[in-house]
Amino acid sequence: MFSLPILASFCFVCLLNAYNHIDRSNDQRQQDKNDKKGKEIYIVIFDYWNSKNIVVHRKLTDKITRKISSILQNYTEDEVKKAIDHYETILHDDAYYWSYTWTFEEFLQRGIDKFLTDACFQNYKANDDKKQYNPFEGGKNNVQRINPNDPFFEE
């Protein structure tokens, strides 16, 4: 039949192949988990955008997925969500002059840098009222808000 060294080497090869198959299966499972996690983060961010009712998108397209992927190379999921929150606040609050509504793609391309930090609240604060010194009011801040349409208003 078979000699002992040939049988031993055959068993070794079989065991090595089985180990490699198991090892590849584990790698494949890990890769599948990473892919699933990656897809989940796209869905989480996409759903978060839609929950803000800025521009609600029906479907997560490949184009949006690619934009999210490129953004996630520079920013974390929490940073993206924070920028979305800031944009939504500034867009819907009358205290800010920003009124342009972007789609999610446009926001990821143009807006994320503008709304990432808390400085955006100061940057887009509305200053409709002009202030004028009023000598008849006392106090440290004797500034009175006036209406520029007032007939007695002088610039």
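One table, with the values for the structure above:
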item	result
Residues of region 70-82 satisfying the condition of being surrounded by 13 or more Cβ atoms within 10 Å (Cβ to Cβ) and in a helix (DSSP H, G or I)	Ile71, Glu77, Glu79, Val80, Lys81, Lys82
Sole exception among (1) out of contact with any Ser or Thr (no Cβ under 9 Å at 6 or more places or on another chain); (2) buried (at least 16 other Cβ atoms within 10 Å of the Cβ); (3) assigned to a helix (DSSP H, G or I) for Asp85, by number	(2)
Failed item in (1) more than 9 Å from the chain's Cα centre (by Cα); (2) under 23 Å from Asn127 (Cα atoms); (3) not charged (D, E, K, R), with Ala83 passing the rest	(1)
Residues of region 55-69 that turn out to be assigned to a helix (DSSP H, G or I), in contact (Cβ under 8 Å) with a residue 12 or more places away in the chain and either in contact with a strand residue (DSSP E or B) (Cβ under 6 Å, 6 or more places away or on another chain) or not basic (Lys, Arg) (or both), as a count	4
Filter result for the condition that a residue is of a type in the set (Phe, Trp, Tyr), modelled with pLDDT under 90, part of a loop (DSSP other than H, G, I, E, B) and surrounded by 13 or more Cβ atoms within 10 Å (Cβ to Cβ), over Trp98, Trp102	Trp98
Hey, Glu137 at pLDDT 95 or above, out of contact with any Ser or Thr (no Cβ under 9 Å at 6 or more places or on another chain) and either assigned to a helix (DSSP H, G or I) or not β-branched (Val, Ile, Thr) (or both) or not	no
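Yes/no per residue for (1) among the β-branched types (Val, Ile, Thr); (2) part of a helix (DSSP H, G or I); (3) modelled with pLDDT of 95 or more; (4) loosely packed, with under 12 Cβ neighbours inside 10 Å:
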| position | (1), (2), (3), (4) |
| --- | --- |
| Phe10 | no, yes, no, yes |
| Val13 | yes, yes, no, yes |
| Ala18 | no, yes, no, yes |
| His21 | no, yes, no, yes |
| Asn26 | no, yes, no, yes |
| Arg29 | no, yes, no, yes |
| Asp32 | no, yes, no, yes |
| Asn53 | no, no, no, yes |
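The values are calculated or read from the model by the stated rules, or taken from the named source; none is laboratory data. Only a predicted model underlies this, so the values are computations on that prediction, with no experimental measurement involved. As a convention, Cβ positions derive from the backbone with ideal geometry for all residues, glycine included, and neighbour counts pool all protein chains shown.
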